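The values are calculated or read from the model by the stated rules, or taken from the named source; none is laboratory data. Owing to the predicted nature of the structure, the values given are computational and were not obtained by experimental measurement. Cβ atoms come from the backbone with ideal geometry, glycine included; neighbour counts cover every protein chain shown. Protein only, heavy atoms only, side chains kept; ligands, DNA and RNA dropped before computing areas. Shrake-Rupley method; radii C 1.70, N 1.55, O 1.52, S 1.80 Å.
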Amino acid sequence: MRRGTDADLSVAAWRWSLDAGSDGAVVLRLSGHWGMQDRVPLRAAIVQELGRWHDARLLAFETGGIDAWDSRFVVFVRQVLEAIGYFPVDLGS
């Protein structure tokens, strides 16, 4: 699991993890606060984590744990989508 900064303890820092789902899927679980003041994971870290799931056929997103977000979160999601291009994975709907 990855986590964001601890600068503001009143709001949970961002967290992300990849877990096995059903039918060959991998689930990207996202939670916490994803804001401009927080550093998001680097693309290299995203690619590295996704590489551990090289047998996955599908990527699904679980975002129910997100407390707050802004354009920084959109940047992270865009980086994940770009990283998927390195692997034979479809996106869940």
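Quick notes on this structure:
- Residue pairs meeting the criteria (Cβ under 9 Å; at least 6 apart or on separate chains; first closer than 13 Å to Val80 by Cα, in the range 49-62; second of a type in the set (Val, Ile, Thr) and open to solvent by 30 Å² or more (accessible area, probe 1.4 Å)): Phe61/Val77
- For Phe76: the one exception among (1) on the phi > 0 side of the Ramachandran plot; (2) touching a Pro at 6+ places or on another chain (Cβ under 9 Å): (1)
- Among the residues of the range 40-84, the ones that are part of a strand (DSSP E or B) and of a type outside the set (A, V, I, L, M, F, W, C) come to 5 in all.
- In the range 47-73, of all residues being of a type in the set (Val, Ile, Thr) and at pLDDT 90 or above, the one that is least open to solvent (accessible area, probe 1.4 Å) corresponds to Ile66.
- Any chance Arg2 is surrounded by 13 or more Cβ atoms within 10 Å (Cβ to Cβ), modelled with pLDDT under 85 and charged (D, E, K, R): yes
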